[in-house]
Amino acid sequence: MNKIQVTQQQRDNLLDALNVMWPSVPPDNVAPNLYTFIEGGYTKDIDCGTVACFGGWCSVWPNYKKQGASLSTSGIPRYQGAAGREFGTGVARLLFGDMVFNIRGDHCVDIGFKGTDHELITKRLQWLLDNSVVRK
């Protein structure tokens, strides 16, 4: 398999997410229903109860905010400067060089995985670290 090429900033973001930001998120806040966050948004504390919590935390994490991640007025994570794109595939690629959160089953590491969504995001981040290289 060819390695995913990322920028140095994307690699730094990945390491930050894997080693600092995501471990700081309480695992009990992350449950297996991605769409719940759309209904409740992030108008209060980031406690959405889904894998989408990863997007919410990225949108308020200081390092990612400096790069343009933010919350929309409706509470949905966005990336400023990306013409109103919601925090989804495109924004995850901007910050990390690849999609690292989505509905369960939409990533190659999900096959047969039975852990929590918090553990799933950690696994996806580790997979991306193992399968990416900084482009020259």
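The values are calculated or read from the model by the stated rules, or taken from the named source; none is laboratory data. Worth saying up front: this structure is predicted, and the values here are computed from it rather than measured. Note that each Cβ is placed from the backbone with ideal geometry, even for glycine, and that neighbours are counted across all protein chains shown.
If I filter the range 54-71 down to residues being without any contact (Cβ under 8 Å) to a residue 12 or more places away in the chain and either assigned to a helix (DSSP H, G or I) or aromatic (Phe, Trp, Tyr) (or both), which single residue comes out as nearest to Asn102 (Cα to Cα)? Give the derivation first.
Residues of the range 54-71 that are without any contact (Cβ under 8 Å) to a residue 12 or more places away in the chain, as a first pass: 62, 65-66, 70.
Now drop any that are not either assigned to a helix (DSSP H, G or I) or aromatic (Phe, Trp, Tyr) (or both), which leaves 62, 65-66.
Working: Pro62: 22, Lys65: 21, Lys66: 23 Å.
Among those that are without any contact (Cβ under 8 Å) to a residue 12 or more places away in the chain and either assigned to a helix (DSSP H, G or I) or aromatic (Phe, Trp, Tyr) (or both), it is Lys65.
Can you name the residue in the range 76-97 that is buried (at least 18 other Cβ atoms within 10 Å of the Cβ) and over 15 Å from Val6 (Cβ atoms) and is also modelled with the lowest pLDDT among such residues?
Phe87
Keeping to the range 98-136, report how many residues are touching a Ser or Thr at 6+ places or on another chain (Cβ under 6 Å) and crowded, with 21+ Cβ neighbours inside 10 Å.
As a first pass, look at the range 98-136 and keep what is touching a Ser or Thr at 6+ places or on another chain (Cβ under 6 Å): 99.
Checking the rest, the ones that are also crowded, with 21+ Cβ neighbours inside 10 Å come to none.
Here the count works out to 0.
Being part of a helix (DSSP H, G or I) and not basic (Lys, Arg) is the requirement here; does Val109 meet it?
Working: part of a helix (DSSP H, G or I): yes; not basic (Lys, Arg): yes.
Yes, satisfied.
Residue-wise test of (1) farther than 13 Å from Ile121 by Cβ; (2) of a type in the set (Val, Ile, Thr); (3) surrounded by fewer than 21 Cβ atoms within 10 Å (Cβ to Cβ); (4) modelled with pLDDT of 90 or more.
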position	(1), (2), (3), (4)
Val6	yes, yes, no, yes
Arg11	yes, no, yes, yes
Asp16	yes, no, yes, yes
Val20	yes, yes, yes, yes
Lys44	yes, no, yes, no
Cys53	no, no, no, no
Tyr64	yes, no, no, no
Ser72	yes, no, yes, no
